[in-house]
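The block underneath contains the structure these notes are about, expressed in structure tokens.
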Amino acid sequence: MTRRRWIADSWDEATASLTGEQASHLIRVLRAQAGMEFDIVAGDRVWHGVIAGISGDAVRFNLIAEVEADPALPVMLLLSVFKFDRMEWAIEKATELGVERIVPIIARRSEKHLAQSAQNRVERWRRIAREAAQQSRRSDVPVIEDALALKTAARREGEAVRLLLAEQERTRTLRGAVKEALAAAGDELPVIRVAVGPEGGWVAEEEALFDSEGWKPVSLGPRILRAETAAITAMAVVAALLE
Ligand code: SAM
């Protein structure tokens, strides 16, 4: 049986609670009653839960048994800030495809007014990721970081294969690079970072900075894709190879 899944706002070893919008939807639209059964995501674990009580705008569940959970893919997406409606779409779809973490980055060609208001959008992006995680029955919610300067994000430390989506790259494909990473990682899954440029693309100094930090340019094919198409396609290619 497929049970509807909720992401707990708080939990302990035996119970979990929903508050806010999720609880009010459950109470008013789905007419929550004691005894109704759902899957409950509590941190990185998923439980078969039964409603134990409803009080005001909160729903409390007893956690009955743990359900097997699929972990996120070890993929971090560096997403240059571009038009917000299209970015939202990219965040939603990347979440459905299993991304672990998204870092909005301010690239040189991110439009100025979007770059300036990006940080104010982060909470909304987190909400979109949360809803998409719930809708796609993920057992966790991807982390949406605060907006970062490209330089800081490109220089971040950590063991990872770093891949820069670059439409002018002609020899190395994303698919080939991920296959190589898989072969090199042996039994483990490689940790992958993918950077997506803004609508105007990367400037030469950004490409040089990525290069000096060990990022490899990769292609998604001969056609120039819109930034959100590139982000989603990249996630789909990586997911197809890692899963
Ligand atoms: N500068 C380009 C132009 O105006 O001709 C367009 C940039 S594209 C709309 C936005 C971003 O998507 C690029 O910076 C790159 O990261 C990614 N991208 C688009 N098409 C791609 C492709 N075929 N291969 C790899 N990356 C691609």
Any hit, segment 53-69, residues being more than 16 Å from the ligand (Cβ to nearest atom), part of a loop (DSSP other than H, G, I, E, B) and under 27 Å from the mean Cα position of the chain (by Cα): yes
Odd one out for S139 among (1) at pLDDT 95 or above; (2) closer than 30 Å to H25 by Cα; (3) among the hydroxyl-bearing types (S, T, Y): (1)
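In segment 201-235, what residues are assigned to a loop (DSSP other than H, G, I, E, B), of a type in the set (A, V, I, L, M) and buried (at least 16 other Cβ atoms within 10 Å of the Cβ)?
L220, L225
Among the residues of segment 174-184, which ones are closer than 16 Å to E243 by Cβ and either surrounded by 15 or more Cβ atoms within 10 Å (Cβ to Cβ) or within 15 Å of the ligand (Cβ to nearest atom) (or both)?
Within segment 174-184, L174, R175, V178, A181, L182 qualify.
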Condition check for G49: of a type outside the set (F, W, Y) and surrounded by fewer than 17 Cβ atoms within 10 Å (Cβ to Cβ): no
Candidate set from segment 88-136 (those that are surrounded by fewer than 22 Cβ atoms within 10 Å (Cβ to Cβ) and among the hydroxyl-bearing types (S, T, Y)); member that is nearest to the chain's Cα centre (by Cα): S136
Subset of segment 207-243 that is near the ligand (Cβ under 7 Å from one of its atoms) and among the charged types (D, E, K, R) - its residue that is nearest to W89 (Cα to Cα): R226
All positions within segment 186-195 that are farther than 13 Å from R162 by Cβ and surrounded by 14 or more Cβ atoms within 10 Å (Cβ to Cβ): L189
Segment 24-45: number of residues that are modelled with pLDDT of 90 or more, hydrophobic (A, V, I, L, M, F, W, C) and surrounded by fewer than 16 Cβ atoms within 10 Å (Cβ to Cβ): 1
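Suppose the filter is buried (at least 17 other Cβ atoms within 10 Å of the Cβ) and farther than 25 Å from S110 by Cβ; does V238 pass it?
no
The values are calculated or read from the model by the stated rules, or taken from the named source; none is laboratory data. Because the structure is predicted, anything quoted here is derived from the model rather than measured. Quick reminder, even Gly has a Cβ in these numbers, built from the backbone with ideal geometry, and neighbours come from all protein chains shown.
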